[in-house]
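*Asks:* Before we start, here is the structure in question, set down as structure tokens.
The values are calculated or read from the model by the stated rules, or taken from the named source; none is laboratory data. Being a predicted model, the structure only gives us computed values, none of them experimental. Don't worry about glycine lacking a Cβ; one is built from the backbone with ideal geometry, like all the others, and counts go over all protein chains shown. Just so you know, the surface numbers come from the protein's heavy atoms only, side chains and all, with ligands and any DNA or RNA stripped out. Shrake-Rupley method; radii C 1.70, N 1.55, O 1.52, S 1.80 Å.
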Amino acid sequence: MATPQTDATARFDAITAGQLRSVGSLKWSEFPDMLPAWVAEMDFGLAQPIAARVAETVASGRVGYLPNVLIPGMGRAASAFMAETHGWDVPAEWIRPVTDVLTALECTVRFFTPETGRIVVMTPAYMPFMWLPALYGRELVQLPMVRAASWDVDFAGLEDALAPGDLLILCNPHNPIGKVYTRAELERLAGIVERRGARVFADEIHAPLVYDGGTHVPYASVSAAAAGHTVTATSASKAWNLAGLKTAQLILSNAADAAVWKAKGGFKEHSATPLGVVANTVAYNDARPWLAEVLAYLDRNRMLLAGLVAEQLPGASFAMPEGTYLAFIDCNALDLGGFEGTPTEFFAARAGVALTEGGLCGDAGKGFVRLNFATPAPILRQIVEQMGAALRA
Ligand SMILES: Cc1ncc(COP(=O)(O)O)c(C=O)c1O
């Protein structure tokens, strides 16, 4: 008899490009003539318990403003998930709804840092971190990571870069490089941030997407100092693929910040949606088996991708992601046959594959492409084979 696991593998393998195009997600509708491996969306549908509760909520007509009575349930669900999955005890009342993680970032900048504070980002980094600081009227400081076999923090550079009032954006697991920070790295970071009088925005949206052998350690959990200088944000939106329902969790980790949030942030809570709050609650409480199936499938896809890159794109390389479903592939050594443009542009024009431009992740990402491997394995194979054929042509 088939195990649930093999059932899921067969189910996900059988999803076709035609079906995904007809669903019409952002990922599959934006470039109708290309195979998409760009925006961070997954192609595995919606977990049944979430789909059922969202449908019930719509049918009941509970789609007005976010009812306050729904908020504690999401706090309890997220709190239990953090405790059981990441070993972090955070009170449910300190887990607050906001529209999305980038709204949590904006609130952190506006409510928790001085106007003179700069925003420090370790690059390569999630693309909006490169342009959002200017929108908030803040200076961006890019701190390139050190690339060896993996990507390492430039601790000395960070000590020099950070000044009092600055905000370090720490993305863990780190989009686009898939790094999952160790407790020792986080403790060392916390020591530097504390000494420099700065603060941290811990973007942990990819936290449920860590592969076997790795452990997600919430940054705010590593010490009292870290809890004192951090605002954390997460959501079920990446791991359960429900970003369009527009709900994330802003997590406070000290009483002073909780008081600031109460005074200034309450209004922001009502930009989250009833459907999103219900979906996040069900995800954390009742859709962990679906996540386990997806993670096992993604784990195989990342191995498949490593083999495909070695076979189809000789000269390209990437650090194996420890978390996320994104691979950041170094294409600097590829021979593009005199093509004038970036590797991303080359693969769009010559292979019909839509990737994310590495240069959008900061200067350290130039010559890289970000490839989203959360797609059925046959489609992943086709994507990399088309890239390989374009190189050989
Ligand atoms: C690291 C990271 N942060 C934030 C976001 C955006 O999240 P949201 O849609 O909740 O603002 C993403 C989306 O891919 C992401 O990868």
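*Asks:* For region 20-93, which chymotrypsin sites (Phe, Trp or Tyr not before Pro) pass both filters: DSSP loop (anything but H, G, I, E, B) and at most 11 other C-beta atoms within 10 Å?
*Replies:* On the way: sites: W28, W38, F44, Y65, F81, W88; in loops: W38, F44, Y65, W88.
Sparse-neighbourhood loop chymotrypsin sites (Phe, Trp or Tyr not before Pro): Y65.
*Asks:* Still on this structure, please answer the following. Which of the chymotrypsin sites (Phe, Trp or Tyr not before Pro) found in region 101-137 are loop residues per DSSP with 12 or fewer other Cβ atoms within 10 Å of their Cβ?
*Replies:* When the chymotrypsin sites (Phe, Trp or Tyr not before Pro) of region 101-137 are filtered for loop state and at most 12 Cβ neighbours within 10 Å, nothing remains.
*Asks:* Let me ask you something else. Farthest toward the dipole's positive end in region 75-124, which of T99, T113, G87, given Cβ charges of +1 (Lys, Arg) and -1 (Asp, Glu) about the Cα centre?
*Replies:* Looking along the dipole axis, the top candidate is T113.
*Asks:* What size of dipole, in debye to the nearest 20, comes out for region 187-299 about its Cα centre when the only charges are +1 on Lys and Arg C-beta atoms and -1 on Asp and Glu C-beta atoms?
*Replies:* 520 debye
*Asks:* Where Lys and Arg each count +1 and Asp and Glu each count -1, what net charge lies around G338 among other residues with Cβ under 14 Å from its Cβ?
*Replies:* Within the 14 Å Cβ shell, the charges total -2.
*Asks:* What is the distance in Å between the Cα centres of region 256-277 and region 96-171?
*Replies:* 22 Å
*Asks:* Hey, another quick one. Between A296 and H270, with labels modelled 7 Å along Cα→Cβ, what's the label distance in nm to one decimal, could you check?
*Replies:* 4.5 nm
*Asks:* Which far-off residues, 5 or more places away or on another chain, put their amide H under 5 Å from the one on L167, with H placed in the peptide plane?
*Replies:* Placed amide hydrogens put R118, I119, V120, R199 under 5 Å from L167.
*Asks:* Between S317 and F339, what length in nm is gained on full extension when 0.36 nm per residue of separation is reduced by their alpha carbon distance?
*Replies:* Gain on stretching S317 to F339: 5.9 nm.
*Asks:* Taking a 1.4 Å probe, which of V58, V98 shows the most accessible area, and what order do the others take after it?
*Replies:* V58, V98
*Asks:* Using label points projected 7 Å from each Cα along Cα→Cβ, tell me how many nm separate A80 and N68, to one decimal.
*Replies:* 2.4 nm
*Asks:* Helix-only estimate, please: 222 nm mean residue ellipticity of the chain, summing -39500 (n - 2.57) across DSSP H runs of length 4 or more and dividing by its residues, to the nearest 500.
*Replies:* Working: 16 runs with 164 residues, N = 393.
When only DSSP H runs of four or more count, the value is -12500 deg cm²/dmol.
*Asks:* Shifting gears a bit: For the chain, build the charge dipole from Cβ charges (+1 Lys, Arg; -1 Asp, Glu) around the Cα centre, then report which of G137, N372, A190 sits farthest towards its positive end.
*Replies:* G137
*Asks:* Given Cβ point charges of +1 (Lys, Arg) and -1 (Asp, Glu) and nothing else, what value in debye, to the nearest 20, does the dipole of region 126-261 about its Cα centre take?
*Replies:* The calculation lands at about 260 debye.
*Asks:* Each residue of region 350-359 in turn: what ³J(HN,Hα) in whole Hz from Karplus with 6.51, -1.76, 1.60 and θ = phi - 60°, glycine and Pro shown as x?
*Replies:* Per residue, the Karplus-derived 3J(HN,Hα) values read 9, 10, x, 10, 9, 10, 9, 5, x, x Hz.
*Asks:* I've got another one for you. Using a ≥ b ≥ c from the Cα gyration tensor of region 20-152 (square roots of the eigenvalues), is it rounded, prolate or oblate, where a/c under 1.5 gives rounded and otherwise the larger of a/b and b/c decides, a/b for prolate?
*Replies:* Note, shape of region 20-152 comes out oblate.
*Asks:* If you don't mind, there's one more thing I want to ask. Taking R0 as 51 Å, what's the FRET efficiency between A59 and A258 from their Cβ-Cβ distance, rounded to 0.05?
*Replies:* Computed FRET efficiency for A59 and A258: 0.90.
*Asks:* Another one. Any idea what the alpha-carbon Rg over 2.2 N^0.38 Å comes to for the chain? Provide the component values of the computation, followed by the final result.
*Replies:* Details: Rg = 20.7 Å, N = 393, 2.2 N^0.38 = 21.3 Å.
Output field value: 0.97.
*Asks:* Using the Karplus curve 6.51 cos²θ - 1.76 cosθ + 1.60 with θ = phi - 60°, work out ³J(HN,Hα) for each residue of region 133-148 in order, rounded to whole Hz, and write x for Gly and Pro.
*Replies:* Calculated HN-Hα couplings, in order: x, 4, 5, 8, x, 10, 6, 9, 10, 8, 10, x, 7, 9, 9, 10 Hz.
*Asks:* Okay, moving on. Please get the size of the charge dipole for the chain, origin at its Cα centre, with Cβ charges of +1 on Lys and Arg and -1 on Asp and Glu, quoted in debye to the nearest 20.
*Replies:* Its charge dipole is roughly 660 debye.
*Asks:* List every residue whose amide H lies under 5 Å from the amide H of A248, counting only residues 5 or more places away in sequence or on a different chain, with H placed 1.01 Å from N in the peptide plane.
*Replies:* V98, T99, D100
*Asks:* Quick one: compute the contact order of the chain, relative version, from alpha carbon pairs under 8 angstrom and 6+ residues apart, as a percent.
*Replies:* 23 percent
*Asks:* Starting at the first residue of region 77-91, write each ³J(HN,Hα) from the Karplus equation 6.51 cos²θ - 1.76 cosθ + 1.60 with θ = phi - 60°, in whole Hz, x for Gly and Pro.
*Replies:* Those phi angles translate into 5, 5, 4, 5, 5, 4, 5, 6, 9, 10, x, 10, 8, 10, x Hz.
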